[in-house]
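Engineer: This is the structure I want to talk about, given as C-alpha cells.
What follows is calculated from the coordinates using simple rules that are stated; it is not laboratory data. Model, not experiment: these values are computed from the prediction. Here the Cβ positions follow ideal geometry from the backbone for every residue, glycine too, while neighbour counts run over all protein chains shown.
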Amino acid sequence: MVNMKTLAPAKVNLHLDVGAKRDDGFHDLLSLFQMVDLADEVEVSITESDTLAIAVDTIGMELPHPNTMSVAVDLFAKRAGIIASIAIRCRKRIPQEAGLGGGSSDAAAVLKLLNDCFGNPLSPCELSGVGALVGSDVPFFLGESPVACVEGRGEKITPLAPREDLEGLVVMPNSKGVSTAKAYAALDKIGRTENPLCPSLDRDEMISMYGKPLSFWSFSNSFRSVMGTLSDLYDRLDRVAQGYPGCFGGLSGSGAAYCYLWEREQEFTTLRTKLEDLDLNVTIFDIKCLHPGHSGATVLV
C-alpha cells in the first residue's frame with residue numbers, strides 16, 4: 001500500500017469581476033486569488049487491484065457522490081492509464097458553499113498526490129488540464145504561487161509576488177451557504193450594467209493595487225449585488241470594516257464567506273470581539289495569507 005497526505009488550503013477572492021456569459025456557458029473572469037491557511041487535510045491510499053475502485057471518506061462534513069475528489073481520481077486514472085484501488089480520506093475544515101474553493105483545493109490535492117504516488121506520469125501542464133475538467137478553480141490550486149491574477153474561465157493564471165504581511169478573519173454564516181450556479185444565474189438576470197457594487201478595474205490596476213497598503217484597496221465582487229437575504233449581513237460586516245482604517249473587507253467568490261484582511265503590524269485584536277458582540281450567527285476563522293516559507297499552520301514547499 002502507498003499512503004500520502006497533504007493540506008488543501010482555501011483561497012479568498014480579493015477582487016472578482018464577472019463578465020457576460022460566453023457561448024460555451026462559462027463567464028470571463030478577472031479575479032485576484034489569495035491562498036490562506038484555513039485548510040482541509042487530504043490523504044490518499046493506493047492498493048493493487050485488477051479494476052479501478054474509488055472510495056472517498058470525509059470527516060467533519062458530508063459530501064455528495066460524485067464529488068470533486070472522486071471525479072479527480074477518475075479523470076486522472078483514465079488520463080494516466082492507472083488501474084488500482086484508490087481511497088481518499090478528507091478531514092474537512094473549509095466550509096461548503098462559501099466561495100473559498102474548498103472543493104477545488106481538495107481535487108487539486110488529490111491530483112498532486114496521485115501524480116506523486118505513481119511517479120509523475122502527467123506533466124504539470126497535463127495535470128492542470130485534468131484539473132480544469134474538474135472545475136475552473138482547480139488549476140490555480142495546482143500552481144506554484146499562492147497568489148495570482150486569474151482570467152478566462154479560470155484557466156489563465158498569472159502568478160504574482162506574494163505578500164508576507166497579510167492576516168485577518170473569514171466570517172461564514174452558519175445557516176446559509178450560496179450555490180455557485182444559482183449565484184451566476186442571478187448575476188446573468190440583472191446584467192453587468194446594473195451592478196454598481198462592482199466598479200471596474202482593469203487587469204494592470206488590480207495587480208498593482210495588491211502591492212499597495214490596504215487603505216488604497218478598492219477591490220470589489222460582482223456577486224455582492226445578488227446575495228439576497230444575506231445582503232443585510234454583508235452590509236453590517238462592511239460597516240465593521242469601515243470602522244477600522246487600514247482594514248479591507250469583502251465577499252469571497254460567489255459567497256457566502258466574507259473576508260477581512262489587514263497588515264500584520266496593525267492592531268486589530270478588537271475586531272473579532274466586535275463581531276462576536278454583534279451576535280450574527282456566524283463562524284469566525286482566523287487566517288493568514290500564504291507565501292513561500294510561511295511558518296503558520298500550512299507551509300508551502
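Engineer: Would you call residue 276 free of Cβ contacts under 8 Å to residues at least 12 places away in the same chain and not in a helix (DSSP H, G or I)?
Structural biologist: Numbers: free of Cβ contacts under 8 Å to residues at least 12 places away in the same chain: yes; not in a helix (DSSP H, G or I): no.
Criteria not met by residue 276.
Engineer: Checking the structure you have, find out if any residue of the stretch 48-60 is closer than 21 Å to residue 155 by Cα, assigned to a strand (DSSP E or B) and more than 21 Å from the chain's Cα centre (by Cα).
Structural biologist: Scanning the stretch 48-60 turns up no residue that is closer than 21 Å to residue 155 by Cα, assigned to a strand (DSSP E or B) and more than 21 Å from the chain's Cα centre (by Cα).
Engineer: Which of the residues belonging to the stretch 88-123 are surrounded by fewer than 19 Cβ atoms within 10 Å (Cβ to Cβ) and within 25 Å of residue 27 (Cα to Cα)?
Structural biologist: Answer for the stretch 88-123, where residues must be surrounded by fewer than 19 Cβ atoms within 10 Å (Cβ to Cβ) and within 25 Å of residue 27 (Cα to Cα): just 96.
Engineer: May I pose another question? Looking at the stretch 86-129, which of its residues are in a loop (DSSP other than H, G, I, E, B) and either in contact with a Gly (Cβ under 6 Å, 6 or more places away or on another chain) or on the phi > 0 side of the Ramachandran plot (or both)? Reasoning before the result, please.
Structural biologist: Within the stretch 86-129, the subset in a loop (DSSP other than H, G, I, E, B) is 92-101, 118-123.
Answer for the stretch 86-129, where residues must be in a loop (DSSP other than H, G, I, E, B) and either in contact with a Gly (Cβ under 6 Å, 6 or more places away or on another chain) or on the phi > 0 side of the Ramachandran plot (or both): 92, 94, 96, 97, 99, 101, 119, 120.
Engineer: Now for a different question. Does residue 132 satisfy the condition of being closer than 30 Å to residue 281 by Cβ and not in a loop (DSSP other than H, G, I, E, B)?
Structural biologist: The answer is no for residue 132.
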